[in-house]
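> Before anything else, here's the structure in question.
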Amino acid sequence: MRRHCAVGADIVPSFESFPLRAELLANLKSLAYDEATAIQAATLPEALNGRDILAQAQTGAGKTAAFALPLLNALQVKRFRIQALVLCPTRELAAQVAAELRKLARQIHNIKILSLCGGQPIGPQIASLEHGAHIIVGTPGRIEDHLRKGRLHLAELRTLVLDEADRMLDMGFRDSIDTIVEACPAKRQNLLFSATYSDAVRSVAASYLYKPAQISVEAQHQHKNIEQRFYRIQDGDQRFEAVLLLLMAEHAESAIVFCHTKKEVQECAAYLQQHGLVALALQGDMDQRDRDRTLVRFANGSATVLVATDVAARGLDIDDVQLVLNCQLSRDVEVHTHRVGRTGRAGGQGLACSLFTDKERYKLEALSEARGLEAELYDLPERGLLQQDAPQPRMHTLQLDLGKKQKLRAGDIVGALCKDNTLSFDELGKIDVLPMTSFVAVQRNKASKALERLKSGKIKGRQIKVRLLRR
Ligand code: ADP
Ligand code: MG
């Protein structure tokens, strides 16, 4: 069975219409969760019935509560055993999920939720495990580690959640997930949530889910927390300058610029670079290595602008950008909605600016009609702005020629850089360890120091190749 439903559809059920425990309902009320979101409305009836779920919805759709409520509803606090395990791709996401779980569970007394993530000291985790827990939230690598060492027992587990499954698989966690699933009882409920359906997600679903309810929620049709501005421009030539002006006016630290074609992507990125911005192009012709490198640099704050085609940006999971800029309007309302949805995620404020010429006015009208709103037209910022310094990224990225295959861990990089207090932990940003290579973001003014340090030191007992990524 496959269900499609639109967020913002007319009927939004209140949580009272679901068979939830009284404490949960009372708590939802106190949290002012008045209505279920579309993904919650579609999954709750099935999941509360004990059925497996395969669900897809964009970031910010409310997926956490969609699995947290069924899990909490089934939980028996008096049985002090691990009854649920939630796997998340990163420590940050696991922390968010644990926080949301605690919030939703706060009226169920004595419930113990434990986080077990990589990149954190193992000692306290071992101690916490000895004290026991009802729910574990963690990253696959670390969970696998605890399992192998016999510190974690999942024999009484009832619910297994794979959150952000697409991302976990992209990060190479398939083997760990396999090991973890093998340690779970065969009879259990599986809840799989993903922002996209990739082949890898389908394969995991086919291996582990039992007759799942397949639920897919379309992109949101109205972004209430996103301000949309439209700018009329004279002709094709004014476009890139208008893009530059808007980026300058908004002091954008993270912006995605959408173009129609690969050629425009290249030209626009080159134009912005010429004007002093750190702008990276992302388009379909790039090989996986270039694509990874580009995404890592944008996501870790080493580039302020990503210029992309719609195709290249598909399935892209960038947490939240400050500004979305449409170099041209899309013909397709859905595409426009998707682009715009990259800002203002998870309830934050977002801004989307779209350029159009007189020839494109019909697209603007189609959009206004679909949104049921009059498009708000704005004037471009003054050209004098171009005299100012372009906003610069906070971070720089160093690339190392070691990766997971060489058993490199983020902690090794932290160790090498923070040894002898060359850098402090706070001066490091995101660390991405890929199969054959890895990236570390460092504060811009510390980049050359970090480079020297890594060049002269050793990691895993050997001299490594490292370079500072500029343009
Ligand atoms: P996703 O995992 O789909 O990206 P989250 O579960 O993180 O989304 O939810 C996004 C935000 O929406 C969170 O801040 C959460 O607290 C809030 N939220 C979720 N469900 C509801 C609801 N029914 N009513 C109000 N806020 C909600
Ligand atoms: Mg989520």
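The values are calculated or read from the model by the stated rules, or taken from the named source; none is laboratory data. These figures come from a predicted structure and were not determined experimentally. Glycine gets a Cβ as well: all are built from the backbone with ideal geometry, and neighbour counts include every protein chain shown. To get the accessible areas, we keep the full protein, side chains included, count just its heavy atoms, and leave off ligands, DNA and RNA. Shrake-Rupley method; radii C 1.70, N 1.55, O 1.52, S 1.80 Å.
> What is the Cα centroid distance between the range 391-410 and the range 350-376, reported in whole angstrom?
The range 391-410 and the range 350-376 have Cα centres spaced 40 Å from each other.
> Considering all projection directions equally, how large on average is the shadow of the alpha-carbon convex hull of the range 22-110, in square nanometres?
6.2 nm²
> Take each of the peptides 370-382, 325-337, 62-74, average the number of other beta-carbon atoms within 10 Å over its residues, and list them starting from the highest. If you can, show how the numbers build up before the last one.
Values: 370-382: 12.1, 325-337: 19.0, 62-74: 24.3.
Per-residue Cβ counts within 10 Å, averaged per peptide and sorted highest first, yield 62-74, 325-337, 370-382.
> Next up: Given +1 on the Cβ of Lys and Arg, -1 on the Cβ of Asp and Glu, and no further charges, what dipole in debye does the range 395-469 carry about its Cα centre, rounded to the nearest 20?
300 debye
> Taking 25 Å as R0, compute the FRET efficiency from the Cβ-Cβ separation of ASP287 and THR261 and round it to 0.05. Numbers along the way, then the final one.
Working: r = 19 Å, r/R0 = 0.76.
That pair, ASP287 with THR261, gives E of 0.85.
> Taking the Cα centre of the chain as the origin and placing charges on Cβ (Lys, Arg +1; Asp, Glu -1), which of VAL466, ALA370, THR397 is farthest toward the positive end of the dipole?
Most positive-ward Cα: VAL466.
> Further question on the same structure: With r defined as the distance between the Cβ atoms of LYS404 and ASP379 and R0 fixed at 51 Å, what FRET efficiency is calculated, to the nearest 0.05?
0.50
> Further question: Where does the range 412-464 land on the Kirkwood hydrodynamic radius, alpha-carbon pairs, in angstrom?
Working: mean 1/r = 0.0884 Å⁻¹.
Hydrodynamic radius (Kirkwood, Cα only) of the range 412-464 equals 11.3 Å.
> Roughly how compact is the range 276-349, stated as its Cα Rg over 2.2 N^0.38 Å to two decimals? Before the final figure, lay out the partial values.
Details: Rg = 12.3 Å, N = 74, 2.2 N^0.38 = 11.3 Å.
It is 1.09.
> Something else about it: Leaving ligands, DNA and RNA out of it, report the carbon-plus-sulfur percent of the accessible area of the range 366-471 at a 1.4 Å probe.
Carbon and sulfur: 47 percent of the exposed surface of the range 366-471.
> To continue, here is another question. Please state the charge dipole magnitude for the range 242-344, taken about the Cα centre, from unit charges on C-beta atoms (+1 on K and R, -1 on D and E), reported in debye and rounded to the nearest 20.
160 debye
> Note down the magnitude of the dipole of the chain about its Cα centre, charges +1 on Lys and Arg C-beta and -1 on Asp and Glu C-beta and zero elsewhere, to the nearest 20 debye.
For this selection, approximately 2160 debye.
> So, one more: Between GLN120 and ARG462, what is the spin-label point distance in nm, taking each point 7 Å from the Cα along the Cα→C-beta axis?
Calculated label separation equals 3.3 nm.
> Under a plain spin-label model, where a point goes 7 Å from the Cα along Cα-to-Cβ, how far apart in nm are SER207 and GLU156?
2.9 nm
> With bins 5 Å wide starting at 0, give me the P(r) of the range 2-218 over every alpha carbon pair, in whole percents.
Final binned percentages: 1, 7, 16, 20, 22, 16, 10, 5, 1, 0, 0.
> Would you work out the relative contact order for the chain, in percent, from Cα pairs under 8 angstrom that are 6 or more residues apart?
Over the chain, the number comes to 14 percent.
> Still on this structure: Which residues in the range 15-39 place their backbone N less than 18 Å from a point set 7 Å from the Cα of GLN107 along the Cα-to-Cβ direction?
15-37
> Using only DSSP helix segments of four residues or longer, with each worth -39500 (n - 2.57), what per-residue ellipticity at 222 nm results for the chain after dividing by its residue count and rounding to 500?
-10500 deg cm²/dmol
> Under 8 Å for C-alpha pairs, at least 6 residues apart: give me the relative contact order for the range 2-218, rounded to a whole percent.
It comes to 31 percent, rounded to a whole number.
> Do any trypsin sites (Lys or Arg not before Pro) in the range 248-311 lie in a DSSP loop with no more than 10 other beta carbon atoms within 10 Å, and if so, which?
Nothing satisfies the criteria.
> If each residue of separation counts as 0.36 nm, what is the full-extension length gain between THR422 and ARG444 once their alpha-carbon separation is subtracted?
Working it through step by step, the gained length comes to 6.5 nm.
> Another question, if that's okay. Please work out how much length the chain gains when fully extended from ASP34 to THR59, using 0.36 nm per residue of separation minus the C-alpha to C-alpha distance, in nm with one decimal.
Working it through step by step, the gained length comes to 7.0 nm.
> Additional query: Taking each pair of different alpha-carbon atoms in the chain once, compute 1/r for the pair, average those values, and report the inverse of that mean as the Kirkwood hydrodynamic radius in Å to one decimal. All intermediate terms of the calculation are to be shown ahead of the outcome.
Values: mean 1/r = 0.0416 Å⁻¹.
Computed over Cα pairs of the chain, the Kirkwood hydrodynamic radius comes out at 24.0 Å.
> I need the Kirkwood Rh of the range 116-184: take the reciprocal of the average 1/r across all distinct C-alpha pairs and report it in angstrom.
Numbers: mean 1/r = 0.0798 Å⁻¹.
The Cα-based Kirkwood calculation yields 12.5 Å.
> Over the Cα atoms of the range 221-387, what is the Rg over Rh ratio if Rh follows Kirkwood?
In the range 221-387, Rg relative to Rh is 0.93.
> Anything over 26 Å Cα to Cα? Flag those among LYS63/LYS103; LYS103/LYS211; LYS29/LYS63; LYS404/LYS458, in the order listed.
From LYS63/LYS103; LYS103/LYS211; LYS29/LYS63; LYS404/LYS458, over 26 Å: LYS103/LYS211.
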